[in-house]
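The values are calculated or read from the model by the stated rules, or taken from the named source; none is laboratory data. Predicted model, so just to flag it, every value in this text is computed and none were measured. Backbone-built Cβ (ideal geometry, glycine too); neighbour counts: all protein chains shown.
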Amino acid sequence: MAVKYVLSEKGNPLRPEEPKKWYANAKSTGDISLKALGKQITQRSTVNHADTLAVLEALTQTLTEQLAEGKIVRFGDFGSFQVSVGSEGVESADKFNASYIRTKKITFRPGADIKEMLNNLKFEKA
């Protein structure tokens with residue numbers, strides 16, 4: 001199976017006089033719910049569906065709590081999750097306070113299993 005992509009034409013906002021170029025964007029083929037993911041995991045293991053869903057729900061809650069405490073959450077060869085922030089700059093460190101923080105997001109760093117999957121991806125135009 002291949003990841004589908006579509007093309008979009010974009011200009012360089014820093015150089016609007018330059019000709020636009022075409023770029024690839026990954027095209028989603030849908031999404032999967034936690035319940036459906038649980039069913040797929042259950043089919044690949046000896047654990048029943050209710051137990052699989054209970055573990056996934058607990059994992060979601062625990063991941064959220066640990067990230068909120070500022071921890072990096074590592075999932076072995078799968079990868080790690082971490083909170084990252086972006087802020088406005090100030091003239092000196094003593095003038096900085098949390099109100100200057102403008103963006104917050106979760107950063108995922110893929111581990112060996114995900115990197116291997118990425119290295120072996122095939123693509124086809126949608």
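One table, with the values for the structure above:
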read-out: Matching residues in the range 36-66 - criterion: being over 20 Å from the mean Cα position of the chain (by Cα) and small (Gly, Ala, Ser); value: SER45, ALA50, ALA54
read-out: Residues of the range 101-117 that turn out to be closer than 23 Å to THR60 by Cα and in contact with a Ser or Thr (Cβ under 9 Å, 6 or more places away or on another chain), as a count; value: 9
read-out: Some residue of the range 50-72 being of a type in the set (Asp, Glu) and either in contact with a Cys (Cβ under 7 Å, 6 or more places away or on another chain) or in contact (Cβ under 8 Å) with a residue 24 or more places away in the chain (or both); value: no
read-out: Every pair of residues 6+ apart whose Cβ atoms lie under 9 Å, when the first sits in the range 74-100 and is touching a residue at least 12 places away in the same chain (Cβ under 8 Å) and over 23 Å from LEU63 (Cβ atoms) while the second is part of a strand (DSSP E or B) and hydrophobic (A, V, I, L, M, F, W, C); value: SER87/ILE101; GLU88/ILE101
read-out: Test: residue in the range 57-78 that is at pLDDT below 95 and under 30 Å from LYS125 (Cβ atoms); value: yes
